[in-house]
1. Taking the Cα atoms of segment 13-122, what is the range of coordinates along each of the three principal axes, in descending order and whole Å?
2. Distance from the Cα centre of segment 68-113 to that of segment 179-232, in angstrom?
3. Measure nothing fancy, just the Cα-based angle from helix 171-185's long axis to the longest principal axis of the chain, in degrees from 0 to 90, nearest 10.
4. Could you work out the mean projected area of the convex hull around the alpha carbons of segment 129-274, in square nanometres to one decimal?
5. Which percent, nearest 5, of DSSP beta bridges in the chain are antiparallel?
6. Let me understand segment 144-228 better: what is its radius of gyration from the alpha carbons, and its Dmax, in angstrom?
7. In degrees from 0 to 90, rounded to the nearest 10, what is the angle of the helix 275-288 Cα long axis to the longest principal axis of the chain?
8. On each of the three principal axes of the Cα atoms of the chain, give max minus min coordinate, whole Å, ordered largest first.
Ligand SMILES: [Mg+2]
């Protein structure tokens with residue numbers, strides 16, 4: 001079963017409100033979709049990133065994978081990774097490899113007429129999710145409505161909000177929003193925060209002590225993900241979990257992060273790190289070090305693979321991407337009750353609504 005040259009499409013979707021975290025603001029999200037076929041069967045993968053990812057995938061990786069075996073994904077993955085030596089693996093190249101690798105796994109499961117989770121082998125039937133959004137741009141009633149929808153509407157007992165507004169220059173508002181979030185979700189739901197690297201080391205420790213008073217157990221990227229020493233310092237000073245890993249573009253990145261003692265729960269993004277092939281390797285690396293894994297963004301990319309790893313904590317039900325994946329695909333999952341069940345259908349179970357989303361197409 002030989003692969004045809006992949007088809008690539010790029011879509012840009014405006015956000016439903018202005019969005020920002022501690023260190024970045026945006027008003028649209030671009031999704032790059034890769035469809036790869038053999039004779040008669042097609043697999044679909046995607047990543048979130050600049051439109052240039054689509055151009056790189058089409059021009060650079062497309063000819064490389066054409067004619068290779070659809071069943072031997074590690075061989076195709078290895079060829080792709082070797083080919084980008086001079087282009088540079090992190091960033092655009094790795095996002096392109098990721099989208100194609102995700103499509104290859106979907107294709108293989110469809111060729112074998114299996115749910116992707118069954119092809120990989122399941123460790124669990126249900127996958128816990130946490131609601132993620134709470135952007136710093138939301139006014140108080142918007143934040144309350146979003147959190148209320150997850151915890152009391154969909155009965156998802158775990159939520160995350162963004163803090164670190166303005167590169168850590170608005171700590172009073174950060175903590176007021178954390179307090180407000182706790183009031184909305186009640187004492188029993190888990191409350192997480194993500195500073196997106198906005199704070200300095202000692203500032204993060206000071207903020208973290210107050211977060212503990214609000215029962216926050218998850219402090220994501222308290223300082224820059226690149227400051228492994230600082231992450232270790234914050235981790236040692238606080239009772240809450242320090243979590244990082246969303247900018248991991250290859251396996252050695254995660255190895256360095258774990259070796260530095262920088263993380264309590266490793267976050268992995270299959271749309272960046274090299275697809276599901278590399279995702280599963282990074283999850284195994286975490287397991288070997290006694291760490292749990294949580295996935296970053298792109299919930300429907302991760303649901304099936306998350307069902308296969310024993311050291312899973314949960315997957316991120318990220319507002320922005322949930323909205324896009326619900327809009328773009330038939331077969332989107334329902335998180336009501338705080339879990340999804342990614343075991344029905346074949347492949348990852350999603351089908352692209354090509355005609356319905358044409359208005360967002362940019363390439
Ligand atoms: Mg984050």
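Readers should treat all values here as calculations from the given coordinates under stated rules, not as data from a laboratory. In this text the structure is predicted, and so the values were computed from the model without any measurement.
1. Computed over segment 13-122, the largest-to-smallest principal extents equal 43, 34, 25 Å.
2. Taking the Cα centre of segment 179-232 as reference, the centre of segment 68-113 is 35 Å away.
3. Between helix and principal axis, roughly 80 degrees.
4. Reported value for the Cα convex hull: 8.2 nm².
5. Bridges in the chain that DSSP calls antiparallel: roughly 45 percent.
6. 12.7, 38
7. Around 50 degrees separate the two axes.
8. Ordered largest first, the chain gives principal extents of 58, 41, 37 Å.
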